Amino acid sequence: MTEESAAEKVVTVAPGTAPRSRRWVGVATTLIALVLAFLVGAVVMVVSDPNVVSKFAYFFSRPGDALGAAWDKVVLAFGALIRGSLGSWGAVTETTAQATPLICAGLGVGLAFRAGLFNIGGQGQAIWGAIVGAWIGFSLTGVPMALHIPLALICAIAFGAAWGGIAGFLKARTGAHEVISTIMLNHIAGGLLGYFLITPLFQMPGRTDPISPQVEWTAVLPRLAGTRLHVGFLLALLAAFAVWWLLERTTLGFQIRAVGHNPHAAETAGMSVGRVTIVAMSLAGGLAGLAGAQMVLAPTLLTSYPPQLSSGIVGGVGFDAITVALLGRSRPLGIVGAGLLFGAMKAGGLTMSAEAQTPSELTALIQALIVLFVAAPKFVTWLVPALRDRRSARPASAPKSKKEVSA
Amino acid sequence: MTATVTDQVLRLEGITKRFGALTANDSITVDLVPGRIHCLLGENGAGKSTLMNILYGLLEADDGTISIGDRELHLTSSKKAMAAGIGMVHQHFMLIPVFTVAENLVLGREPGSFGLLDLGAARKKVRELSDRYKLDVDPDALVENLPVGVQQRVEILKALANDAHYLVFDEPTAVLTPQEIDELMEIMRALRDEGRAICFITHKLREVRAVADDITVIRRGKVVGRAEPSASESELAELMVGRAVNLKVDKDQPQRSGERLVLEGFTVADHAGHIVVDHLDLTVEGGEVLCVAGVQGNGQSELAAALLGTLPVVAGTATLDGVDITHAPPKQTIAAGLGFVPEDRQRDGFVGDFSIAENLVLNRPQEFANSGNLKLKDISRNAKERIEEFDIRTSGEDQFVKALSGGNQQKVVLARELSRPLSLLIANQPTRGVDVGAIEFLHKRIIEERDRGTAVLIVSTELDEVESLADRIAVMYRGGIVGVVPPDTPREVLGLMMAGIRQDEGTEEASDD
Amino acid sequence: MTATQTGSLGTDNVAAVEAGQDRVQRLSTGGLLLVVGLLLVWAVFSSDGVARIALSDAFDAVQLPVIPLPGTVTVAICAVLVLAAAVAFLANRGAGRVRRILGILAGVAVVLGFVTWVAAGSTLPFTLTNQLRGTLAVATPLVLGALCGVFSERAGVVNVAIEGQFLTAAFAAGITASLTKSLLAGLFAGVLAGVAMAAVLALFSLKYLMDHVILGVVINLLASGLTGFLFKQLVSSDVGRYNAVPIMPRIAIPLLDRIPFLGPILFNQTALAYIAILAVPVSWFLLFKTKWGLRVRSVGEHPHAADTVGINVVWTKSASVLLGGVMAGLGGAYFTIGSTGAFRPDLTVGNGFIALAALIMGRWHPVLAALMALFFGFVTQLGQTLNPLGSPIDSTFLLMLPYVATIIAVAGLVGRVRGPAADGQPFIKSS
């Protein structure tokens, strides 16, 4: 991977401000990508369902059977998906709960994108957040809640930031490409988590499997009773606003965006590209660390306690975060929206697998497809020619200079 | 020479090419006649390169025909162009740096059977051609290790290896020393005398007059005239620009106010550790313009970068108004009063995806902020004032800089750098790729800055620019200064100095001519 | 900034100082060696007893002696060697070549010292043949995956999707072999799946100009989602039918397998291992000795230059990426039909990324990348081999070593890595 080009390249997928005239095309492209992804998902679901497939065996004698079965299957599964995410107040709060870490980690990836950095390391950073958040959660006892929760969150953010900062530091000082170093750091963090869980420091007394003790109730994020709406979701919204303010309204954000768009010009203008890189990666890591902490401190529905720290605790949040950031086009508001969408899909996926016997992995597939189509707008415009750039068809208007294009 | 390679005329007729709203080529007709050198003369962005990319099959024309003799060509790929005997020496060399000369030469038409690569045959071919045209190229050298002049010869060999009858040279002289330019012209003449048709694309009037048999002038995508090689430079310039041009800048004698920038034993290494500026001693006084002349790649750009603080200084000192800035990073040199106009503005000068307003405060956002929070109104007001002052042609201060023309982009850069008091202005190739109208404006502003008492250091490879701006000229060659001479030094002397021959010897040789 | 064309200065007269990066690299290598050397010094004090290195295991045709190594002395010698190398690097002593040899010696000393430390005093010997044979098996998919990366990235398409290619191929190979009871069919299906994923990579990167790294991440997610879904929906519904995967037998090559020591290591492996070994020289030959290889490398370095001499850039890139897909497909098949049999979700557990690491540490060269893959395989296997000896270090840390090594490598501490110049850049005809 060439070091120089990578930064500029990434920016192309994380556009700052598109000209207003082109905005609706962006929105339309995203919507079409969504529809397309669900369509493909539906096809995969139908052709891999033995019941439906058996009806296709006699498709030519009674096509109605096969098509009917396929339609029923799709309605059942997607219906369950919607019910599970939006069907009731409980479902909606499940969506917000699932969206919370996605938004925070997504902000981490998005912020890094805006600095021209591709942070694949959300996974490792979130793992550190979970490790530290859980440890403070279960090892400190007798601390008041007003102290315990902030302490756990701040330490989790700090460790996430440090883990992200390593990649930033390596990039700034040695030019090590952050894509490679964060991938490797993910695996190291995962390995360390597995190791910690069999040490006395972390392992639940009396257990032989790798699992930690339950966190103290003083460290559990408060929630609206009987639902899954918890303080973490508000923190996620707050974080989104903070990131927006940082990027659009502060000198640091100005520098981050400048470095993201053109590190050479930023350096020539006196900015320290290395410092901005380290700061941006640390902030990104901190946000992912927050996401990880939320996963071990947010109460579950039944027990009203969070899940205990285990080796798979953060799932694939780091990779989900990439999809969230891409769908949200690296803008805080977009990331909140994308986080809610994917959170809803996760929430609904559980219902779908229970009610329609369709494995929840389908949502992971659809999620990947959405991002594939969103990140390849050329593919969508190829499918839907109406979205193509109209400006070439109207030769009279454009104020563009001749010199630029023909040079 | 009597041997004729071909006797058919290559004709581009009525070529039209549009990019969106822009018509880059508007019904252009050009004939390439065997045994003649045809010059295509035009400013940067006039549409010359577009035309040649169409001829070489890299772009498809919207309208018009290309034919050889009576045969019409459909050049949809460079492969077809090559098959038709068209060869091209590209402005940005189309060579693969990590390949050897032989590998580059045969790429795309490799010798060998059963899919195997026969590099022995490739080497032989390089030697044959190189001997035949006396080009002296080592087939096993890696291209990235060759001097630019030799790389260009490899480009020429590539075209000849394909037996090109119609050879296009796209702005070939930009990176060459005056001596290398002379050698190139000799090669072009030799190829012409063999009966090949040569198309020479340039914006340098002097070269056109030296070598052309036919001249076609292009402006804004249209053929605006044809001229004889005997036409005077001012006639050609007027045709090219569309109005009478004042090539000289009006300026008074410099009011020198004493040394501001002092370099002693200044030595710079590039990122690979090569010494690129070698024990340089130089001073620039307030109120004067010192031009660093030289062929590209002799350390001028690295000198400028090291003064800004983006390349490491390995020995010596630099002081600005008595303050040591030798190892200061850009943030500090800028704070010390250094204004910097970089060589490659697309890369270093501005953020294309930022608005004009944002770019105008790129080097000092903290001055437009209140404890870290940007004052958007101040940024916007500043932008309106600068746009007015520097006559930046734009739809508004929110427009992205990447959407501006080259000249207006450069105005944005200069407006940013000149909108605060400076001790030293460094401008590297300040008018490269800029149209003539903007050049006059930019030169005027630079002289105004000089008259304010600022020390001005200009790096330029264009002797025209050096002559019109400089109060003193320092010629650089291989990282060192060959000599510092007055602005009225004859061009021949400067040319020899640029090739590393010291001024006293240079004067003698020039007077021998 | 503007480090324009130092080439034009020529190389004859330019004196060179030690570039900042070289200095950092030298000092960091020295520092790293110093740390490891000091660790070995510490290990000297807990290396009492004799470490026994077995050169053959009980089943080998030719039984070789067990070499006893005195623990303390061996580790001490190794420690001294490593420290000597550290000093040479830190003090900038010795010519480049001498230092390189010292570095390699130090590397060997680190491994030997470590193994001796672990095995010292243990009743069981460290079976070198098992270690090396296991290395080859573990490294089989890594070598193939690294070659996949070589073909893709030499043509300028960044490939972080090796993991996804592995996973899809493992799934396809497993399910097909289970349904048909034919290993060959399974292998073929694996290759097809690898090529299919490569086709997605080629299509979206080359035609729809999607960012290569993002595309790679998405392909990995796609592969994980697709195989995970199909596994739950289809495979779990009838495990006997879909997931009773036959496993490749080891094939002993007659006569050669009777060579003492080397025979059991090299010539008693699965067909996939032989394929992997053969694929290395074949790949090298294709890339560096054929016309096609020259063109592949040219489109990865400077696609516009290739375009101007009439090479079809997009086709050339696609072909190379697809050939890489064949390699990844073979490598992926290893995870089901080549080793454990049944498919389970995400069973490739990061091997694709280790292959990527090998590719980078091997500097995009097929032979070097394969050697790096072997090294990573060696380390992974070391955890296995040392386990019964009562290793004082948790095998987690050995499993992490490839990742740490890669970070050290990309940070330029062990040598500058320079990939194909246009790797990852979109090719838009005539800009």
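Quick notes
- Any chance B:LEU338 is closer than 30 Å to B:ARG502 by Cα, among the aliphatic types (A, V, I, L, M), at pLDDT 95 or above and touching a helix residue (DSSP H, G or I) at 6+ places or on another chain (Cβ under 9 Å): no
- Only one of the listed residues (B:GLY339, B:GLY299) is on the phi > 0 side of the Ramachandran plot, buried (at least 23 other Cβ atoms within 10 Å of the Cβ) and out of contact with any Pro (no Cβ under 9 Å at 6 or more places or on another chain). That residue is B:GLY299.
- Residue count for region C:377-390, restricted to those that are within 9 Å of the chain's Cα centre (by Cα) and more than 18 Å from C:TYR274 (Cα to Cα): 0
- Search result, residues across region C:201-259 that are of a type in the set (Lys, Arg) and part of a helix (DSSP H, G or I): C:LYS207, C:LYS232, C:ARG241, C:ARG258
- When region C:245-294 is limited to residues that are buried (at least 18 other Cβ atoms within 10 Å of the Cβ) and of a type in the set (Gly, Ala, Ser), the one that is nearest to the other protein chains (Cβ to nearest Cβ) turns out to be C:GLY293.
- In region B:84-130, residue nearest to C:ALA421 (Cα to Cα) [restricted to those that are aromatic (Phe, Trp, Tyr) and modelled with pLDDT under 90]: B:PHE93
- Conditions (1) outside any helix (DSSP H, G or I); (2) over 29 Å from B:LEU167 (Cβ atoms); number of the one not met by C:ALA333: (1)
- For region C:285-304, a residue qualifies if it is touching a helix residue (DSSP H, G or I) at 6+ places or on another chain (Cβ under 7 Å) and either under 26 Å from B:VAL89 (Cβ atoms) or of a type in the set (Asp, Glu) (or both), and the qualifying residues are C:LEU294, C:ARG295, C:VAL296, C:ARG297, C:SER298, C:VAL299, C:GLY300, C:PRO303.
- Which listed residue is in contact with a strand residue (DSSP E or B) (Cβ under 9 Å, 6 or more places away or on another chain), assigned to a helix (DSSP H, G or I) and among the β-branched types (Val, Ile, Thr), from C:THR129, C:THR135: C:THR129
- Subset of region B:28-55 [of a type in the set (Ser, Thr, Tyr) and modelled with pLDDT of 90 or more]: B:THR29
- On inspection, B:LEU116 passes the criterion of being hydrophobic (A, V, I, L, M, F, W, C) and within 13 Å of chain C (Cβ to nearest Cβ).
- Matching residues, region B:85-106, being within 27 Å of B:PRO34 (Cα to Cα) and free of Cβ contacts under 8 Å to residues at least 24 places away in the same chain: B:HIS92
- Scanning region B:179-196 for any residue that is surrounded by 19 or more Cβ atoms within 10 Å (Cβ to Cβ), at pLDDT 90 or above and either within 14 Å of chain C (Cβ to nearest Cβ) or not in a helix (DSSP H, G or I) (or both) turns up at least one such residue.
- Qualifying residue in region C:335-350 (condition: in contact with a His (Cβ under 8 Å, 6 or more places away or on another chain) and under 19 Å from A:PHE319 (Cβ atoms)): yes
- Within region C:190-211, the set of residues being crowded, with 23+ Cβ neighbours inside 10 Å and facing another protein chain (nearest Cβ under 8 Å) comprises C:PHE204, C:MET210, C:ASP211.
- Within the option set C:VAL158, C:VAL218, being crowded, with 24+ Cβ neighbours inside 10 Å and closer than 24 Å to C:ARG363 by Cβ holds for one residue only, C:VAL158.
Residues are listed down the side, and each one gets a yes or a no for (1) at negative phi; (2) within 14 Å of chain C (Cβ to nearest Cβ); (3) surrounded by 22 or more Cβ atoms within 10 Å (Cβ to Cβ):
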{"position": "B:VAL292", "(1), (2), (3)": "yes, yes, yes"}
{"position": "B:VAL295", "(1), (2), (3)": "yes, yes, yes"}
{"position": "B:LEU308", "(1), (2), (3)": "yes, yes, yes"}
{"position": "B:ALA315", "(1), (2), (3)": "yes, yes, no"}
{"position": "B:LEU374", "(1), (2), (3)": "yes, no, no"}
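- Residue match in region A:182-192 (condition: in contact with a Pro (Cβ under 9 Å, 6 or more places away or on another chain), farther than 20 Å from A:GLY137 by Cα and surrounded by 22 or more Cβ atoms within 10 Å (Cβ to Cβ)): yes
- Scan of region B:327-345 for residues that are in contact (Cβ under 8 Å) with a residue 60 or more places away in the chain and more than 9 Å from chain A (Cβ to nearest Cβ), ordered by number: B:ALA336, B:GLY337, B:LEU338, B:GLY339, B:VAL341, B:GLU343
- The set of residues in region A:281-306 being aliphatic (A, V, I, L, M) and buried (at least 24 other Cβ atoms within 10 Å of the Cβ) consists of A:MET281, A:LEU283, A:ALA284, A:LEU287, A:ALA288, A:LEU290, A:ALA291, A:ALA293, A:MET295, A:VAL296, A:LEU297.
- Strands (runs of 3 or more DSSP E) completely within region B:247-348 that count 2 or more residues being closer than 20 Å to B:LEU418 by Cβ and out of contact with any Cys (no Cβ under 6 Å at 6 or more places or on another chain): B:259-269, B:275-285, B:289-293, B:338-341
- Contact annotation: residue pairs with Cβ atoms under 7 Å, 6 or more positions apart or on different chains, pairing a residue in region A:344-358 that is touching a residue at least 12 places away in the same chain (Cβ under 8 Å) with a partner that is charged (D, E, K, R), are A:ALA347/A:GLU94; A:THR351/A:ARG83.
The values are calculated or read from the model by the stated rules, or taken from the named source; none is laboratory data. What you are looking at is a predicted structure, and each value in this text was computed from that prediction instead of being measured. Using ideal geometry, Cβ is built from the backbone for each residue, glycine included, and neighbour counts are taken over all protein chains shown.
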